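The values are calculated or read from the model by the stated rules, or taken from the named source; none is laboratory data. Not measured: the values here are computed from a predicted model. Don't worry about glycine lacking a Cβ; one is built from the backbone with ideal geometry, like all the others, and counts go over all protein chains shown.
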Amino acid sequence: MPLTGILPPLFFSLAFLLPAWWLYRTGRRAISIAPACTALLLAGTTVAIYVNEVRHTQARYDLDLLLENLSEDELYTTTALRDERETLFLFSAASQALYRGLDYAPERKGTIDSVLLRMADWTRRASNLPQWNAGTDWDRSVFFLAHAGAVLGHYQLATNDERYAPYFRRIGDYLGQRMVRGHYKHLGSSGDESLLRPADNAAAIYVLTLFDAYYGEAYAEVTRREWTDYIQKELYYAESRLPCAAFNVTNRCSLEPSAVASGLYIAYRAASAPEGEVRDDIPYREWLHYFKRFSGSPFSLSIRPNMRRGEVARLCNAGVAPLDCGWYEDAVGLWAAAEYRGGYTYFRLFAGAVFERWFGGRPDFGALRPALRVKALTVVALRCIGEGTVRVG
């Protein structure tokens, strides 16, 4: 987080010194203690939150939560009570969080590698993900390709272990060649529907960056640039400079933008960009404009799911399937703010996680039923990605 991110709450805190000084000067010295103490308390809180970010205290806490809970056997069993696509997204987000965690918690490498191995092993099995079976139309399975590729890629990059390299190579070569051959247009998200989601395709391009980093290919560089131009020229939603949450095969908008769908698009888009190329660009500013909730507190911020205050987007969940609207907005916002160096926005979203740790008990995810446990851990994983993101330039 840039140091400028704490200036608004710091100035807000120090503003209480003005009434304290006035009360002191007018002879009401006892009363002046209250605003003076308020100023010191708020300023101290601001600095403490900033120190938590700089030292990765919160990131280490969330990383430990992930490592502890992703070591449980129950997450790796197949059950009708849990959607395997939700589990795949959890493992994709968690693998990215753990991979980034190697930078600030290298002492946890042994445990991180072990958990990455378990997630990769689950991901490469056709009994868990039937898209591995012969005859599956991968042109209509980009959600699977993106997130399975992320799990396998993060494992391979973190460990240099190539036991699952055939699976990772198959995904990387298919995605790279298919997206170039298709002139950078969307691939279908899932075989059981006709929707094409920018968020899933952005995640696919992110996976190509992992593939290129390991194998020395150049799929992502050209694909990302041309695909982004394609969206900007043809696929913006009529009311904003954001793409729809989903299109049909003829590029007609099927579902208007939602906070999670658009947030994942811009976050993966930034994560796939070379270091120094990410800027506070129009999609990120548009996303904040439409989805940021007003808050009178300089220490809090929340993201609403839909573009229009007080209105529910039509088929909101379909725009982020298999996820649900209303669960992940703040965590996705934290990640996006980290990628785009949104200092003050990042501070306000990050502060909420810090307060939750300070004043709440350690969450017991094991007490949740399987589907809710996956959702709750996904929130932690997305948040941890943002907390482990360092952007310079």
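The conditions of being surrounded by 16 or more Cβ atoms within 10 Å (Cβ to Cβ), out of contact with any Pro (no Cβ under 8 Å at 6 or more places or on another chain) and either among the aromatic types (F, W, Y) or at negative phi (or both) are not met by L40. On inspection, T4 qualifies as over 30 Å from V115 (Cβ atoms), in contact (Cβ under 8 Å) with a residue 12 or more places away in the chain and loosely packed, with under 13 Cβ neighbours inside 10 Å. I'd like to check something: does the range 35-49 contain any residue that is in the same structural domain as A126 (by TED's automatic domain parsing), free of Cβ contacts under 8 Å to residues at least 12 places away in the same chain and either in a loop (DSSP other than H, G, I, E, B) or not polar (S, T, N, Q) (or both)? No, the range 35-49 has no match at all. Scan the range 73-85 and tell me whether some residue there is surrounded by 21 or more Cβ atoms within 10 Å (Cβ to Cβ) and at pLDDT 95 or above. Within the range 73-85, not a single residue is surrounded by 21 or more Cβ atoms within 10 Å (Cβ to Cβ) and at pLDDT 95 or above. Residue count for the range 168-199 under the criterion of being within 24 Å of the chain's Cα centre (by Cα) and either part of a loop (DSSP other than H, G, I, E, B) or farther than 20 Å from L90 by Cβ (or both): the result is 15.
Listed here are the residues, each with its yes/no results for (1) assigned to a helix (DSSP H, G or I); (2) touching a helix residue (DSSP H, G or I) at 6+ places or on another chain (Cβ under 6 Å).
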| site | (1), (2) |
| --- | --- |
| Y290 | yes, no |
| L301 | no, yes |
| A336 | yes, yes |
| Y344 | yes, yes |
| A351 | yes, yes |
| V354 | yes, yes |
| G361 | no, no |
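The condition (being under 18 Å from S95 (Cα atoms) and surrounded by fewer than 24 Cβ atoms within 10 Å (Cβ to Cβ)) is satisfied by just one residue among A202, A165, A150: A165.
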